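> Before I ask anything, here is the structure I am working with.
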């Protein structure tokens, strides 16, 4: 069914019920991680991610994990765009260094949006240095994927995923401290 999307873009509408629960789980995870924002609700995040996927329906979705990967990228973009928008009126505020861990952002204040942007900028630099490490971070941090899912998606071992995650976190912490 996923391969049909290339030939019939409107069939993505039929896929929504199949992936909706996955999208909601990823969005719920992000809402918990980045703090529940009254201006960015879980349902809104899911629907916006779906619209981004629908706009790119001419891509060849290979399998469910590939679709989940694309969803992770879409959610990352939406969260970063939301953080930029919230901080637009607060230009010039200082950025405090933070450490990257599974529960990176726990408060609801502007510090959360600043941290999202810091992580995004550091992640963009990591993509230049090591695309696979960045892919692991995006899948795990923004997509809520397990090490098992990432290993299957990238066709690497779970141990390699764990090593990549550890290396990427260490790299990002150093990058963010230098910002």
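The values are calculated or read from the model by the stated rules, or taken from the named source; none is laboratory data. Since this is a predicted model, take the numbers as computed values, not measurements. For neighbour counting, all protein chains shown are included, and Cβ atoms are generated from backbone atoms with ideal geometry for every residue, glycine included.
> Would it be correct to say that residue 159 is at pLDDT 95 or above and over 15 Å from the mean Cα position of the chain (by Cα)?
Details: at pLDDT 95 or above: yes; over 15 Å from the mean Cα position of the chain (by Cα): yes.
It is true that residue 159 is at pLDDT 95 or above and over 15 Å from the mean Cα position of the chain (by Cα).
> Something else about it: Report yes if some residue within segment 49-68 is crowded, with 17+ Cβ neighbours inside 10 Å, modelled with pLDDT of 65 or more, within 24 Å of residue 87 (Cβ to Cβ) and in contact with a helix residue (DSSP H, G or I) (Cβ under 7 Å, 6 or more places away or on another chain); otherwise report no.
yes
> Here's a follow-up. For segment 30-45, which residues satisfy the criterion of being assigned to a helix (DSSP H, G or I), touching a helix residue (DSSP H, G or I) at 6+ places or on another chain (Cβ under 9 Å) and either exposed (fewer than 13 other Cβ atoms within 10 Å of the Cβ) or at pLDDT below 80 (or both)? Break it down into steps so the answer makes sense when it comes.
Step one: of segment 30-45, the residues assigned to a helix (DSSP H, G or I) are 30-34, 42-45.
Filter once more, so that each one left must be touching a helix residue (DSSP H, G or I) at 6+ places or on another chain (Cβ under 9 Å): 30-31, 33-34, 42-45.
Selection gives 30, 31, 33, 34, 42, 43.
> Also: Spot the failing condition for residue 141; the list is (1) closer than 23 Å to residue 84 by Cα; (2) out of contact with any helix residue (DSSP H, G or I) (no Cβ under 9 Å at 6 or more places or on another chain), and only one is missed.
Answer for residue 141: the failing condition is (2).
> List the number of the failed condition for residue 79; all other conditions in (1) surrounded by fewer than 21 Cβ atoms within 10 Å (Cβ to Cβ); (2) at pLDDT below 90 hold.
With (1) surrounded by fewer than 21 Cβ atoms within 10 Å (Cβ to Cβ); (2) at pLDDT below 90 applied to residue 79, the lone miss is (1).
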